[in-house]
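Visitor: One structure, as structure tokens, below. Some questions next.
The values are calculated or read from the model by the stated rules, or taken from the named source; none is laboratory data. All of these numbers come straight from a predicted model, not from anything done at the bench. Because the Cβ atoms are built from the backbone with ideal geometry, glycine has one as well, and the counts that use them run over all protein chains shown.
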């Protein structure tokens with residue numbers, strides 16, 4: 001009898017182990033496997049175009065990789081081997097291609113604390129380091145960020161305390177040992193009032209242009225190291241930014257942001273009219289060669305083109321970015337002034353720009369004709385129809401024109417294969433992976449589902465795009481989960497994402513689909529990809545939370561489907577997505593049965609009240625009413641709260657305050673707190689723990 005009971009107990013134990021294993025693996029793969037792919041970032045090329053470098057984050061271990069002409073076979077350069085949360089960013093080649101400067105560690109917070117997610121008793125530092133591009137030997141330069149090199153590649157320059165510092169480099173031929181070592185004390189490059197930004201050497205390397213920010217205005221400055229002198233070009237009461245040298249070094253183009261009366265309402269951000277000026281370097285006198293209109297679409301925006309917003313081009317023209325027609329596009333204008341030429345017209349957005357060696361054309365990434373993907377296009381500076389280089393159910397981003405214009409490197413992904421660096425011909429054809437060995441064999445590419453584009457309308461009639469992950473092997477009515485990205489200036493795509501945070505989120509959505517959940521990822525208003533009017537939707541965020549109606553529409557869309565159990569719909573998201581998760585549970589617990597809220601905003605009024613100049617009483621009141629915290633008394637659904645207590649984007653107090661209110665109202669919640677972790681979790685193990693907990697929470701509440 002005892003033997004029978006023992007056998008029965010063993011069988012039950014084996015069954016439970018098998019069940020747990022099956023649940024952990026989902027439909028054939030584990031969370032660890034789907035998150036095993038390395039994530040690439042900071043793709044750069046050497047000035048000669050004969051080397052390419054990038055960072056691979058492989059399960060929390062971050063390293064620089066390089067590939068060299070002619071074969072461009074990727075190899076790991078550095079040897080960091082721990083999931084320690086120390087980021088590697090801001091890669092920069094030296095002019096001679098012998099060195100790669102980078103920043104090791106994250107930026108300090110308002111208390112000057114550098115991210116230390118392992119709680120290392122020795123503390124952490126944000127350091128500028130350089131790696132020998134041949135041997136991988138690493139030299140520590142000093143604490144700071146934003147590194148770049150002297151024209152002769154003999155010094156590295158970086159930012160510290162809003163000023164420029166520099167340090168000498170050893171001869172590249174002597175750097176043979178791949179271990180970090182100190183190179184001695186760096187010295188401040190020059191003293192100046194205010195802060196220094198956007199440094200740029202003249203073509204002959206004799207002068208350094210920079211932006212000198214003075215609070216409510218900024219100047220373009222010129223530093224002459226040989227003469228040890230500083231002078232300012234065309235100073236005004238306005239904000240001059242983005243200095244760009246002409247190829248002959250005689251002129252500098254810049255953007256002037258006009259200081260106007262604050263125009264901020266409960267429904268609009270500040271209006272910023274702007275102009276392009278060309279300045280004679282010798283005389284210091286400038287001329288306005290183009291000016292924006294005064295409407296909201298003309299208002300200055302850095303999205304989504306970053307430092308490509310102003311550049312000199314062939315034919316003595318200037319190329320700039322504007323949303324004057326409601327979409328992020330490129331334009332060109334003669335450097336002497338005149339009407340602009342639209343280079344990328346249409347209802348789509350340009351997101352990356354790569355320049356040809358002769359500056360006669362650019363390769364851009366955009367969603368032209370395929371609004372929920374990204375593809376590469378060649379655009380002639382002289383004008384004409386853009387030429388499409390890539391197409392299909394794939395995503396191409398971050399192009400680089402290399403090897404004297406003969407090849408194009410870029411990031412590439414599909415629904416099944418994650419974003420990885422590739423290289424192809426000058427037309428981006430016959431492409432190959434730069435480092436095929438980096439993708440582990442256990443990555444479950446063939447077991448993933450291909451998300452489908454779905455369209456549905458919000459209550460006010462606005463059409464919303466989503467990506468629907470259909471669960472595999474499920475019969476009958478499935479439980480469902482709505483995913484909301486953060487930002488909110490993001491766009492989820494029909495494939496693996498090019499942003500680290502959403503690369504992991506895409507993996508999580510695939511994992512949930514493998515476990516039997518239908519997942520709907522929602523591109524709600526306030527995101528990018530669909531034009532400025534969509535991104536700057538009226539009454540969004542703290543001004544009325546108009547985007548929340550898109551989440552309600554997503555829930556109702558799922559509920560209307562015959563293959564979905566309308567009583568088992570959950571929510572999950574981080575940051576702004578956490579805000580929308582909490583909104584759904586606070587306002588519509590009858591529609592949304594459960595939620596996972598990762599570092600979400602729960603009370604906009606706390607943020608608005610701390611805004612520069614403070615918020616008006618009207619805006620603070622509206623912000624409170626637009627927040628989940630104002631509707632807690634209607635909250636019924638259980639929630640899992642996840643937050644790192646060194647979050648620099650969303651204060652940890654946002655979760656503390658919400659949890660206090662949930663306790664007061666007797667609402668069920670669970671919590672995971674990561675001590676010393678920041679907003680975008682720096683440790684891979686923390687992402688795994690958070691996502692495992694989220695999947696388990698959904699299983700317990702929805703299954």
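Visitor: For residue 533, indicate whether it is in contact (Cβ under 8 Å) with a residue 24 or more places away in the chain, surrounded by fewer than 24 Cβ atoms within 10 Å (Cβ to Cβ) and under 21 Å from residue 649 (Cβ atoms). Step through it out loud before you land on a result.
Guide: Values: in contact (Cβ under 8 Å) with a residue 24 or more places away in the chain: yes; surrounded by fewer than 24 Cβ atoms within 10 Å (Cβ to Cβ): yes; under 21 Å from residue 649 (Cβ atoms): no.
Judged against the criteria, residue 533 is not a match.
Visitor: If you don't mind, another one. So, in the stretch 539-549, of the ones that are under 23 Å from the mean Cα position of the chain (by Cα) and part of a helix (DSSP H, G or I), which residue ends up nearest to residue 521 (Cα to Cα)?
Guide: The extreme case among them is 548.
Visitor: How many residues are over 25 Å from the mean Cα position of the chain (by Cα) and either part of a strand (DSSP E or B) or farther than 25 Å from residue 598 by Cα (or both) if we restrict to the stretch 464-501? Spell out how you get there, then give the answer.
Guide: Of the stretch 464-501, the ones over 25 Å from the mean Cα position of the chain (by Cα) are 470-480.
Now narrow it down to the ones that are either part of a strand (DSSP E or B) or farther than 25 Å from residue 598 by Cα (or both): 472-480.
Qualifying residue count, the stretch 464-501: 9.
Visitor: I would also like to ask the following. Would you pick out the residues in the stretch 393-418 that are under 17 Å from residue 55 (Cβ atoms) and out of contact with any helix residue (DSSP H, G or I) (no Cβ under 8 Å at 6 or more places or on another chain)?
Guide: Once the filter is applied, which keeps residues that are under 17 Å from residue 55 (Cβ atoms) and out of contact with any helix residue (DSSP H, G or I) (no Cβ under 8 Å at 6 or more places or on another chain), the stretch 393-418 yields 397, 398, 400, 409, 410, 411, 412, 413.
Visitor: For the stretch 229-248, name all the residues that are touching a residue at least 12 places away in the same chain (Cβ under 8 Å) and more than 19 Å from residue 320 (Cα to Cα).
Guide: Scanning the stretch 229-248 gives 230, 231, 232, 233, 234, 235, 236, 237, 238, 248.
Visitor: Touching a residue at least 24 places away in the same chain (Cβ under 8 Å), over 23 Å from residue 570 (Cβ atoms) and surrounded by fewer than 21 Cβ atoms within 10 Å (Cβ to Cβ): does that describe residue 693?
Guide: Details: touching a residue at least 24 places away in the same chain (Cβ under 8 Å): yes; over 23 Å from residue 570 (Cβ atoms): no; surrounded by fewer than 21 Cβ atoms within 10 Å (Cβ to Cβ): yes.
Criteria not met by residue 693.
Visitor: Moving on to the next point. Return the residue satisfying two criteria in turn: it lies in the stretch 553-576 and is in contact with a strand residue (DSSP E or B) (Cβ under 8 Å, 6 or more places away or on another chain) and over 13 Å from residue 520 (Cβ atoms), and of such residues it is surrounded by the fewest Cβ atoms within 10 Å (Cβ to Cβ).
Guide: Among residues in the stretch 553-576 that are in contact with a strand residue (DSSP E or B) (Cβ under 8 Å, 6 or more places away or on another chain) and over 13 Å from residue 520 (Cβ atoms), the one surrounded by the fewest Cβ atoms within 10 Å (Cβ to Cβ) is 565.
Visitor: Do any strands (runs of 3 or more DSSP E) lying entirely in the stretch 153-229 carry at least 1 residues that are at pLDDT 95 or above and farther than 23 Å from residue 103 by Cβ, and which ones are they?
Guide: So the answer is 218-224.
Visitor: Read through the list (1) more than 20 Å from residue 321 (Cβ to Cβ); (2) in a loop (DSSP other than H, G, I, E, B); (3) touching a strand residue (DSSP E or B) at 6+ places or on another chain (Cβ under 9 Å), then give the number of the only condition that residue 421 fails.
Guide: So residue 421 meets the others, but not (2).
Conditions tested, residue by residue: (1) farther than 22 Å from residue 586 by Cβ; (2) touching a residue at least 60 places away in the same chain (Cβ under 8 Å).
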position: 638; (1), (2): no, yes
position: 641; (1), (2): no, no
position: 644; (1), (2): yes, yes
position: 653; (1), (2): no, no
position: 656; (1), (2): no, no
position: 669; (1), (2): no, no
position: 684; (1), (2): yes, yes
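Visitor: Still on this structure, please answer the following. Consider residue 129 against the criteria (1) modelled with pLDDT under 95; (2) in contact with a strand residue (DSSP E or B) (Cβ under 9 Å, 6 or more places away or on another chain): it satisfies all of them except one. Which criterion is unmet?
Guide: That leaves (1) as the condition not met.
Visitor: Return the residues of the stretch 439-462 that are in contact with a helix residue (DSSP H, G or I) (Cβ under 6 Å, 6 or more places away or on another chain) and either in a loop (DSSP other than H, G, I, E, B) or surrounded by fewer than 14 Cβ atoms within 10 Å (Cβ to Cβ) (or both); say none if nothing qualifies.
Guide: Within the stretch 439-462, the subset in contact with a helix residue (DSSP H, G or I) (Cβ under 6 Å, 6 or more places away or on another chain) is 442, 444, 448-449, 456, 458-459.
Listed by number, the residues that qualify are 442, 444, 448, 449, 458, 459.
Visitor: Given the conditions (1) touching a strand residue (DSSP E or B) at 6+ places or on another chain (Cβ under 9 Å); (2) in contact (Cβ under 8 Å) with a residue 60 or more places away in the chain; (3) surrounded by fewer than 24 Cβ atoms within 10 Å (Cβ to Cβ), which single one is not true for residue 581?
Guide: Just one mismatch for residue 581, condition (3).
Visitor: Find the residue count for the stretch 75-89, including only residues that are surrounded by fewer than 20 Cβ atoms within 10 Å (Cβ to Cβ) and over 19 Å from residue 679 (Cα atoms).
Guide: Going through the stretch 75-89 one residue at a time, the tally reaches 6.
Visitor: So which strands (runs of 3 or more DSSP E) stay within the stretch 262-332 end to end and still have 3 or more residues that are modelled with pLDDT of 90 or more and over 28 Å from the mean Cα position of the chain (by Cα)? Write out each step before concluding.
Guide: Numbers: elements: 274-280, 286-291, 310-313, 317-322.
Qualifying strands (runs of 3 or more DSSP E): 274-280, 286-291.
Visitor: From 343, 400, grab the single residue that is touching a strand residue (DSSP E or B) at 6+ places or on another chain (Cβ under 8 Å), surrounded by 16 or more Cβ atoms within 10 Å (Cβ to Cβ) and under 22 Å from residue 296 (Cα atoms).
Guide: Values: 400 fails: under 22 Å from residue 296 (Cα atoms).
After applying the criteria, what remains is 343.
Visitor: Restricting attention to the stretch 411-438, report how many residues are surrounded by 17 or more Cβ atoms within 10 Å (Cβ to Cβ) and more than 29 Å from residue 362 (Cβ to Cβ).
Guide: Number satisfying all stated conditions: 1.
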